[in-house]
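The structure appears right after this line, and notes come after that.
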Amino acid sequence: MRIIHISAECYPIAKVGGLADVVGALPKYQNKLGHPTSVVMPFYNNEFTQSYAFYKIYEAPLLLGDSEITFKVLKTKDPVLDVDVYFIDIPELLHKDYVYSSDDTVRFLAFQIAVLDWVLELKDKPDIIHCHDHHTGLIPFMLQESYKYESLNKIPVITTIHNAQYQGWFGYDKLHLIPEFDSSNTGLLDWNNTINPLAAAIKCAWRVTTVSPSYMEELKEHANGLEALLGHESNKCIGILNGIDTNVWNPETDSYIIKNYSSKTVQSGRKANKKWLCDQFNLDVTKPLFAFIGRLVGEKGVDVFPEVFKNSLQNKAISILVLGSGQSDTEDALNNLKPLFQGQYNAYIGYDEKLSHIIYAGADFLLMPSRVEPCGLNQMYALRYGTIPIVRRIGGLKDTVIDITNNGFGLCHDNVSAAEVEHAIDRATLLYNNQAKFKTIRQHIMTIDHSWDMSAQAYINLYQSIN
């Protein structure tokens with residue numbers, strides 16, 4: 001099968017969150033299974049596009065309502081991934097130094113129309129079109145309803161929901177920008193009296209997937225207004241757990257970390273990485289090191305951290321390190337803890353890819369008290385590197401982390417509260433003090449397979465069931 005993935009993000013080209021990691025890995029693994037797979041994404045003005053040379057493979061006018069603009073399809077002169085990546089270049093809309101902004105409706109609508117206009121001209125049409133999140137949510141609708149794309153409407157289209165909280169809503173004043181269709185079918189675009197691209201995708205896609213089985217079930221109860229729709233369309237919905245790219249995330253070969261190691265040399269390898277972290281951030285290497293990596297937003301449960309950290313650092317012999325950015329009040333609260341707990345606590349406000357890898361390789365425990373976690377990749381990275389995850393039982397965290405009381409390898413709690421996170425830290429500290437058990441678990445978790453191999457095959461099986 002010939003597969004095209006359409007996405008706003010793709011690692012290492014443009015990354016805001018986990019969507020980029022998925023689109024940067026899944027196509028490679030599908031290609032490895034013998035299915036020619038490619039990615040189509042916007043051409044941004046970022047460090048990646050400034051560093052590579054590109055050439056044009058297609059150019060055409062694009063109608064956006066009554067306006068006509070030009071778009072190009074570009075490729076890099078040198079390979080980027082193990083799959084072909086095509087870039088939609090619309091300078092006045094897409095060639096920005098950001099991926100998302102406060103009003104992206106016209107930007108991503110033009111991107112989607114350009115993609116389908118180009119697919120119309122392809123000699124070798126795709127057998128599967130796989131769309132990701134609301135930024136590509138109108139493609140299933142346009143394939144099904146727009147007269148212009150009638151010749152493509154036999155191509156199966158899949159929509160994957162990475163995060164249902166973001167749906168791309170926009171008003172009917174922009175309805176005229178969508179290529180012409182039978183106006184009696186406008187209801188396919190509507191949800192709660194507004195145009196909702198994610199809702200339209202759920203209605204029109206041949207299959208709808210989410211990034212973990214538990215998240216699919218949770219969406220039927222908590223989907224930011226789409227619960228009833230997902231319940232109604234449940235027969236075509238399936239949860240497939242994300243994987244991780246084990247070529248990128250491999251402690252034996254990772255060029256970012258201080259010392260490489262395997263499950264057999266985990267003790268010495270992790271000791272060197274932990275020492276670097278503790279030296280760099282003025283922490284005590286003899287204490288258990290708890291870390292958080294990610295966005296400092298409510299979805300991640302980080303608003304409980306200031307209270308949790310104060311209580312835990314006052315009462316326990318532990319160290320804590322935070323890497324992330326997000327809401328300014330949370331950033332300020334975490335920064336304000338630094339002078340109070342020098343030698344015990346530190347925070348790097350921002351993001352640093354190299355540092356994130358070293359934290360996975362050196363921290364003893366990873367905190368993930370998420371309110372929403374469709375799949376979660378951080379806990380899989382942590383397991384791969386021998387860092388024990390402390391997670392709330394939600395979404396993909398529930399599917400991938402089993403508590404040590406159930407013959408598992410992680411520490412789990414049920415609610416996002418300071419008391420429950422503190423209790424989980426207490427349990428983790430006791431585990432750390434039992435070094436024999438701690439080291440056995442750490443060695444074991446490095447052998448758990450969360451690679452994309454099984455997930456990529458699950459998607460292929462899904463495609464074949466509808467092709």
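The values are calculated or read from the model by the stated rules, or taken from the named source; none is laboratory data. Note that the coordinates shown come from a computational prediction; the quantities given were computed from them, not determined experimentally. With ideal geometry, Cβ positions are generated from the backbone for all residues, glycine too; neighbour counts draw on all protein chains shown.
Structure above, values below:
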| read-out | value |
| --- | --- |
| Condition check for residue 351: in contact (Cβ under 8 Å) with a residue 12 or more places away in the chain and assigned to a loop (DSSP other than H, G, I, E, B) | yes |
| Condition check for residue 296: touching a residue at least 12 places away in the same chain (Cβ under 8 Å), among the aliphatic types (A, V, I, L, M) and closer than 25 Å to residue 445 by Cα | no |
| The listed residue being in the same structural domain as residue 371 (by TED's automatic domain parsing), in contact with a Phe, Trp or Tyr (Cβ under 9 Å, 6 or more places away or on another chain), in contact (Cβ under 8 Å) with a residue 40 or more places away in the chain and surrounded by 15 or more Cβ atoms within 10 Å (Cβ to Cβ), out of 311, 273 | 273 |
| Selection within the range 284-342 - more than 30 Å from the chain's Cα centre (by Cα) and among the acidic types (Asp, Glu) | 284 |
| Out of 340, 367, 321, sole residue that is farther than 16 Å from residue 382 by Cα, of a type in the set (A, V, I, L, M) and either at pLDDT 95 or above or assigned to a loop (DSSP other than H, G, I, E, B) (or both) | 340 |
| Residues satisfying the stated conditions in the range 101-141, i.e. on the phi < 0 side of the Ramachandran plot and in contact with a His (Cβ under 6 Å, 6 or more places away or on another chain) | 108, 130 |
| Verdict on residue 263 being surrounded by 14 or more Cβ atoms within 10 Å (Cβ to Cβ), hydroxyl-bearing (Ser, Thr, Tyr), part of a loop (DSSP other than H, G, I, E, B) and under 27 Å from the mean Cα position of the chain (by Cα) | yes |
| Single residue of 304, 285 found to be part of a loop (DSSP other than H, G, I, E, B) and in the same structural domain as residue 395 (by TED's automatic domain parsing) | 285 |
| Qualifying positions in the range 219-240 - under 19 Å from residue 18 (Cβ atoms) and in contact with a strand residue (DSSP E or B) (Cβ under 9 Å, 6 or more places away or on another chain) | 219, 223, 238, 239, 240 |
| Boolean, residue 257 is β-branched (Val, Ile, Thr), within 26 Å of the chain's Cα centre (by Cα), outside any loop (DSSP other than H, G, I, E, B) and outside the structural domain of residue 82 (by TED's automatic domain parsing) | no |
| Residue match in the range 199-219 (condition: modelled with pLDDT of 95 or more, surrounded by fewer than 21 Cβ atoms within 10 Å (Cβ to Cβ) and among the aliphatic types (A, V, I, L, M)) | no |
| Within the range 128-177, tally of residues that are more than 27 Å from residue 222 (Cα to Cα) and touching a strand residue (DSSP E or B) at 6+ places or on another chain (Cβ under 7 Å) | 10 |
| Qualifying residue in the range 134-156 (condition: charged (D, E, K, R) and either touching a residue at least 60 places away in the same chain (Cβ under 8 Å) or within 30 Å of residue 298 (Cβ to Cβ) (or both)) | no |
| Output for the range 189-198, where each listed residue is buried (at least 19 other Cβ atoms within 10 Å of the Cβ) and out of contact with any Gly (no Cβ under 8 Å at 6 or more places or on another chain) | 189 |
| Where residue 238 falls short, out of the listed (1) farther than 19 Å from residue 456 by Cα; (2) of a type in the set (A, V, I, L, M); (3) out of contact with any Gly (no Cβ under 9 Å at 6 or more places or on another chain) | (1) |
| Which listed residue, of 435, 344, is under 25 Å from residue 252 (Cβ atoms) and either assigned by TED's automatic domain parsing to the domain that holds residue 273 or acidic (Asp, Glu) (or both) | 435 |
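Here is a yes/no grid of residues against (1) closer than 30 Å to residue 456 by Cα; (2) assigned to a helix (DSSP H, G or I); (3) within 30 Å of the chain's Cα centre (by Cα):
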{"site": "142", "(1), (2), (3)": "yes, yes, yes"}
{"site": "150", "(1), (2), (3)": "yes, yes, no"}
{"site": "154", "(1), (2), (3)": "yes, no, yes"}
{"site": "164", "(1), (2), (3)": "yes, no, yes"}
{"site": "167", "(1), (2), (3)": "yes, no, yes"}
{"site": "174", "(1), (2), (3)": "no, yes, yes"}
{"site": "184", "(1), (2), (3)": "no, yes, no"}
{"site": "192", "(1), (2), (3)": "no, no, yes"}
